[in-house]
Amino acid sequence: MAELFDSSSSSDKNPFEELAVVYVLYFDEAHGHVPLLIYPDDRYKDDKKFMRPIKYHPIWFLSADEQEVLDHIDLEFKGYTYFGKKFLTISKRKKRRAGLQEETPETIVVIVSLPTKLEILGDELIKQLTTEIRGNFEKNLYEIIESEIVRDAIIKSPKIEKLIEKGDNIKSELRELIEKIVNMYFSSAIKQSDTTSIKMQKAISYLALKGIDVSHISSGDYKDSFSSIKLFDPTEKSKVDFTNKFQFSIKKVNIMEDSQEFEILTQNDSKNEFHNLIIKIINVKEYFEKEIMNEHIDIWFPEEELVFFSPIIPHIDEYLFFIIEEKTKERLMSKRIDLNILRN
């Protein structure tokens, strides 16, 4: 997986100029991770370099049940943050692997890519997209999958043509839904209460640099656009809470070759005490995961640094690091750690 971080990759620059790229994918029993659509443009779905962060996103390594309590899983890669969510949907198609029944659920993954400077907007956007996609298409996403599979048939019977047409129609409706959600979201996303958030300030600066009109952001002349947002009006109530959720940071990761361990120096960046946290480290190999550390933290003081140790598993270079609130199961932090990067 070291190739994911190859500096020569064409993924250095996202070819889309839009604020967000939305990927809807499924796990194919014969071909692995297969994209159903990319919004706003499907043309890069067969580009292996462009799709590399999607293929190796940590969301694939966790079961749907396990990641459900973690809200979503993120990957930071070359200036972009990829927010991922996995869920299961109804299926009635014939599977191509022995042991799987027609009713075996489909594994669907939704990934939203945002420039890192806009990552504070990603939590709510991935939540809205996943909720709406499941609510409107859970019963017929398998028909899009079925239409994509039969599309490769050399001889297309009338039945196959009908399946393809039906799948294309559902996909078109799905794309329209995604477009509607994204457009509506970015037209109102900065109405928020945390006016002191540095991440939100960076997001607004980025939007301005992208040519989005924010010139009237503090004026009284506003209606239904970015320029309508009264950012610093203390009487304006937020519809979405964009309080900074990134309250922890990894300060350093060190490899200790003599003991075959690595240590993770992590800090509570907030002014709050945290009680009863679970720290997990999971190793990843060929889309399977295994927990290798599970530690309980009674109390974590504001701005306190803690060090966590993990054994290095032979031939395993990639690990996932989680901070989870024990009672609510809320994911407070999830990071991928690649030891190859540290060695180079």
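The values are calculated or read from the model by the stated rules, or taken from the named source; none is laboratory data. Just so we're clear, the structure is a prediction, and the values are computed from it rather than from any experiment. When we count neighbours, we look across all protein chains shown, and the Cβ atoms used for this are built from the backbone with ideal geometry, even at glycine.
The set of residues from region 149-176 being of a type in the set (Lys, Arg) and without any contact (Cβ under 8 Å) to a residue 12 or more places away in the chain comprises Lys156, Lys159, Lys162.
Inspection of region 93-110 finds a residue satisfying the criterion of being more than 25 Å from Phe50 (Cα to Cα), of a type outside the set (A, V, I, L, M) and in contact with a helix residue (DSSP H, G or I) (Cβ under 6 Å, 6 or more places away or on another chain). Take the residues in region 50-66 that are closer than 23 Å to Ala20 by Cα and outside any helix (DSSP H, G or I); name whichever of them is modelled with the highest pLDDT. That would be His57. Among the residues of region 87-101, at least one is in the same structural domain as Phe50 (by TED's automatic domain parsing), touching a Lys or Arg at 6+ places or on another chain (Cβ under 7 Å) and closer than 27 Å to Leu19 by Cα.
Answer with yes or no whether Lys159 is basic (Lys, Arg), exposed (fewer than 13 other Cβ atoms within 10 Å of the Cβ) and more than 25 Å from the chain's Cα centre (by Cα). Taking the combined requirement at face value, the residue satisfies it.
Does Phe61 fit the bill of being over 24 Å from Glu143 (Cβ atoms) and touching a residue at least 24 places away in the same chain (Cβ under 8 Å)? The answer is yes for Phe61. Of all the listed residues (Ile312, Ile292, Ile299), the sole one being aliphatic (A, V, I, L, M) and farther than 20 Å from Phe61 by Cβ is Ile299. Selection of region 308-319 for residues being within 15 Å of Lys335 (Cβ to Cβ), at pLDDT 85 or above and not hydroxyl-bearing (Ser, Thr, Tyr) yields only Phe308. If you check Gln128, Gln101 for being among the polar types (S, T, N, Q) and surrounded by fewer than 13 Cβ atoms within 10 Å (Cβ to Cβ), only one passes: Gln101. Applying the criterion of being exposed (fewer than 14 other Cβ atoms within 10 Å of the Cβ) and outside any strand (DSSP E or B) to the residues of region 270-302, the residue that is modelled with the lowest pLDDT is Tyr287.
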